[in-house]
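These notes concern the structure reproduced below.
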Amino acid sequence: MTRLNPIYEAMEPTIFEYMSGLAIAHDAINLGQGFPDEAQSPDMIEAAARAMREKSNQYPPAFGLPELRDAIGRFYGRRQGLRIARDQVVVTSGATEALAASILALVRPGDEVILFQPAYDSYAPMIRRAGGMPVSVHLSPPDWGYDAVALDRAVTPRTRLILLNDPLNPAGKVASGPELALIAAACRRNDLVAICDEVWEDVRFDGVSHRSLWSMPGMEDRTVKIGSAGKIFGLTGWKTGWLCASPDLARTIGRAHQFLTFTTPPALQWAVAEGLDRPDSWFAPQRAAWAASRERLARGLTDAGFAVLPSAATWFLCIDLAASGIATDDRSFSERAVREAGVASIPVSALFEGEGPRHIVRLCFAKDAAILDEAVERLARFRDGLAAEGADGAGLR
């Protein structure tokens, strides 16, 4: 008789772990897993070191340092026009932990949770671990648009939550005002809570500021807003995140959080609080550098014959294999590209449950210019090799 939880016993390694492992094994450029390669902010590193030297290194409060919770409220007030008080914030050890605490606190056995696919790979397993059932609403390239009819069709009397990732990883999709309005209307009409994974909220381009579902009419008391210092500052290893919700929701989710990690390293919390209070001008150079990297990779891939989909946010670009004339599925392309071209990517089909597109590949552009240029050269040669294969079923159309 097995003693293992069947949810985890049958689980394959994540696509990120798998592709990164292949990248190491084949000495490949890793454009699969999403983390920046550039030098880390000396201001943030010094703030953490100074806090470690000068402030307490003992357990901080379970819900987070008051100074950080206040700084998060100020940051959202300045950047998004939201009013968020200290008692509406819980600091967590990364956004994934905020997601886990929120799902464990809000999902009851038998509840249904609507997921928009493609979806971050922790969502569905955590919902199942809480006893819930994920229900998929599929989005389609190239625009990955939200559809009111499809959403309404997914709602049943057992639906309790909607889980929204905006901006959307892996597509770089930003929900429009009308799309946010239709999601908010579905929540109000069906008395649903929305868990909003907004970790990419401050990694946006083209001059359009982030608008949270929280800000839509009637949503302030039925939204859990999740953020990440790792994404805002490009310091993914710090694993410092948070959730914002109404006081009642925050208090209940905080009770789940206290039995997961309980708290987050205090020096990192002090540093993040200091960082969030920096003026907007402090963040601008980093955003400009990421935007330039996006343009560099997009231009290089386009010149090499790949069809690049638009990306308004995140650190990722997607290429459409079918539109590029490549007659192979995304998983096969990614497996061959890492082995034969020395470039790791993520097949977006791995981020779908059920049937979804099998022709989209994700690449991370938050890398040094020389690395991006070398990756493009390798992928261009690989594409030429596919063309030379001709009619064997794995080449170009």
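Tabulated data
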| quantity | calculated |
| --- | --- |
| Enumeration of residues in the range 351-367 that are at pLDDT 95 or above and open to solvent by 20 Å² or more (accessible area, probe 1.4 Å) | Arg358, His359 |
| Residue satisfying condition, being under 17 Å from the mean Cα position of the chain (by Cα), of a type in the set (S, T, N, Q) and at pLDDT 95 or above, within set Thr236, Thr314, Thr302, Thr264 | Thr314 |
| Per-region count, the range 304-330, residues of a type in the set (D, E, K, R), in contact with a Pro (Cβ under 7 Å, 6 or more places away or on another chain) and assigned to a loop (DSSP other than H, G, I, E, B) | 0 |
| Candidates Val224, Val203 - the one that is in contact (Cβ under 8 Å) with a residue 12 or more places away in the chain and within 24 Å of Cys364 (Cβ to Cβ) | Val203 |
| Residues (open to solvent by less than 80 Å² (accessible area, probe 1.4 Å) and either more than 19 Å from Ile232 (Cβ to Cβ) or part of a loop (DSSP other than H, G, I, E, B) (or both)) located in the range 34-48 | Gly34, Phe35, Pro36, Asp37, Glu38, Ser41 |
| Exclusive hit being open to solvent by 50 Å² or more (accessible area, probe 1.4 Å), modelled with pLDDT of 95 or more and in contact with a His (Cβ under 9 Å, 6 or more places away or on another chain), set Arg331, Arg339, Arg296 | Arg339 |
| Residues satisfying the stated conditions in the range 1-33, i.e. part of a loop (DSSP other than H, G, I, E, B) and either under 18 Å from Thr236 (Cα atoms) or among the small types (Gly, Ala, Ser) (or both) | Ala10, Thr14, Ala28, Leu31, Gly32, Gln33 |
| Filter result for the condition that a residue is in a loop (DSSP other than H, G, I, E, B), of a type outside the set (A, V, I, L, M) and touching a strand residue (DSSP E or B) at 6+ places or on another chain (Cβ under 8 Å), over Pro157, Pro134, Pro170 | Pro170 |
| Single unsatisfied condition, Ala175 versus (1) in a loop (DSSP other than H, G, I, E, B); (2) touching a residue at least 60 places away in the same chain (Cβ under 8 Å); (3) crowded, with 17+ Cβ neighbours inside 10 Å | (2) |
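The values are calculated or read from the model by the stated rules, or taken from the named source; none is laboratory data. What you see is a predicted model; the values in this text were computed from it and never measured. Don't worry about glycine lacking a Cβ; one is built from the backbone with ideal geometry, like all the others, and counts go over all protein chains shown. For the accessible areas, the whole protein counts, side chains as well, though only heavy atoms, and no ligand, DNA or RNA atoms are used. Shrake-Rupley method; radii C 1.70, N 1.55, O 1.52, S 1.80 Å.
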